[in-house]
1. State whether one or more residues within segment 126-134 are without any contact (Cβ under 8 Å) to a residue 40 or more places away in the chain, outside any loop (DSSP other than H, G, I, E, B), in contact with an Asp or Glu (Cβ under 9 Å, 6 or more places away or on another chain) and not charged (D, E, K, R).
2. Kindly indicate which of Phe197, Phe163 is within 21 Å of Thr139 (Cα to Cα), open to solvent by less than 20 Å² (accessible area, probe 1.4 Å), touching a residue at least 40 places away in the same chain (Cβ under 8 Å) and touching a Phe, Trp or Tyr at 6+ places or on another chain (Cβ under 9 Å).
3. Might you let me know whether segment 142-153 holds any residue that is without any contact (Cβ under 8 Å) to a residue 40 or more places away in the chain, part of a strand (DSSP E or B) and either of a type in the set (A, V, I, L, M) or open to solvent by less than 50 Å² (accessible area, probe 1.4 Å) (or both)?
4. Taking Leu92 as the residue in question, decide whether it is under 13 Å from Thr130 (Cβ atoms), among the hydrophobic types (A, V, I, L, M, F, W, C) and buried (at least 18 other Cβ atoms within 10 Å of the Cβ).
5. Could you check, for segment 90-103, whether at least one of its residues is hydrophobic (A, V, I, L, M, F, W, C), under 14 Å from the mean Cα position of the chain (by Cα), outside any loop (DSSP other than H, G, I, E, B) and modelled with pLDDT of 95 or more?
6. Mind checking which residues of segment 83-98 are within 18 Å of Trp37 (Cβ to Cβ) and among the hydroxyl-bearing types (Ser, Thr, Tyr)?
7. For Glu232, which of the numbered conditions (1) open to solvent by less than 30 Å² (accessible area, probe 1.4 Å); (2) among the acidic types (Asp, Glu); (3) at pLDDT 85 or above fails to hold?
8. Just one of Arg221, Arg186 is closer than 17 Å to Asn159 by Cα, at pLDDT 75 or above and among the charged types (D, E, K, R); which is it?
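The values are calculated or read from the model by the stated rules, or taken from the named source; none is laboratory data. Note that the structure is a prediction, hence the values are computed from the model and not measured. Methodologically, a virtual Cβ is constructed for each residue, glycine included, from the backbone with ideal geometry; neighbour enumeration extends over all protein chains shown. Just the protein is used for accessible areas: all its heavy atoms, side chains included, with ligands, DNA and RNA removed. Shrake-Rupley method; radii C 1.70, N 1.55, O 1.52, S 1.80 Å.
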Amino acid sequence: MGRLYESHHEEEKSETNKNIPMLFLLGEFSGESNHAWLNPKNHTSNSKLMKFPELEDQTECLASGFGWLLIQSRNTSSLFFFNPFTSQRINLPYHHSVITAAAFSASPTSPDCIVFTYRMPSVFGVRIDTLLVGQETWTGHVFMRDPSLFGGEIQAIYNNGCFYCVDPYGKIATFDAKLRTWNIVRGNGFERARGYFFEFNGEIFAVKKKSDSTFAEKLERLKVEGGMYGWEEVDLGFLGDDVTLFLGPYGSCAVPGLSNVVGMEKKKVFVADYRPQSKCLMYNKSNGFGMVADAGFFSWWYAPIWIQNS
């Protein structure tokens, strides 16, 4: 278990509604062994410093979900799952390829958990590797390269048996985990924007934020019809009357049923991200009003990761 620097951390966790994602600040770079939690209920900087022996090496978070982080060691390139709530670690077989984007389909404790990694196209084509957790080796897949497909940073999301790769222009490609097929979906993306992508009720959504804007600006829904895709702008209420968004660079989610939780009333959108001032901040926007929770002395070498206790 991570050594606590403040004894009230366990008490706070026990009082926190289990459905509310916490913001985990992962110290990623050399010499940084401290990590911290932020609770969005408080929208304050009451961070709790912690040490995890499992994270003593330089680490990088590739994806988050189901209460787990998918971590890569910068020193050894080894991959493993880590649950910061329980300090449980699950090691994965060595992965030999460079990873541009990654996702996983279920909790790694599930027998159905598939890990997906994507490598930016090279002259040899698109490289995808998959692993059913518990197997000893990765399965590699190479597909024909399409130089016009993606531009910029890629995000990977799992939905209904497929892994979706999405770029800042909203361009889409999918990998069918069962059929092991790679499909470039043609259609209309959107003007380049900083985007957060998430799955909710079997659909994929994008929240767009311009580089010069603090808050999220638009919510768009992915529509795929007849082998073509498009993005349709929808109101936040489209998700439901009581849905809160938690958006970040390592994974985003939509969580229903929080409006009755003390400290979460009328809060609809939280964004945890890096700012030009190299400060990791957490924002809340409700009816046009923004509140800023500064992560104290934590700066750009701390990765802000939303994680929900499963």
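1. Keep residues of segment 126-134 that are without any contact (Cβ under 8 Å) to a residue 40 or more places away in the chain, which gives 127, 129, 131-132, 134.
Okay, now just the ones that are also outside any loop (DSSP other than H, G, I, E, B), so 127, 129, 131-132.
With the extra rule that they be in contact with an Asp or Glu (Cβ under 9 Å, 6 or more places away or on another chain), the set shrinks to 132.
Pick out the ones that are also not charged (D, E, K, R) and you get 132.
For segment 126-134, residues without any contact (Cβ under 8 Å) to a residue 40 or more places away in the chain, outside any loop (DSSP other than H, G, I, E, B), in contact with an Asp or Glu (Cβ under 9 Å, 6 or more places away or on another chain) and not charged (D, E, K, R): present.
2. Values: Phe197 fails: within 21 Å of Thr139 (Cα to Cα).
Result of the check over Phe197, Phe163: Phe163.
3. Yes.
4. Against the criterion (under 13 Å from Thr130 (Cβ atoms), among the hydrophobic types (A, V, I, L, M, F, W, C) and buried (at least 18 other Cβ atoms within 10 Å of the Cβ)), Leu92 qualifies.
5. Step one: filter segment 90-103 for residues hydrophobic (A, V, I, L, M, F, W, C), giving 90, 92, 98-99, 101-103.
Adding the requirement that they be under 14 Å from the mean Cα position of the chain (by Cα) leaves 101-103.
From what's left, outside any loop (DSSP other than H, G, I, E, B): 101-103.
So of that shortlist, the ones also modelled with pLDDT of 95 or more come out as 102-103.
Looking for residues that are hydrophobic (A, V, I, L, M, F, W, C), under 14 Å from the mean Cα position of the chain (by Cα), outside any loop (DSSP other than H, G, I, E, B) and modelled with pLDDT of 95 or more, one finds at least one in segment 90-103, hence yes.
6. Within segment 83-98, Thr86, Ser87 meet the criteria.
7. Only one criterion is unmet by Glu232, namely (1).
8. Values: Arg186 fails: closer than 17 Å to Asn159 by Cα.
Only one candidate qualifies: Arg221.
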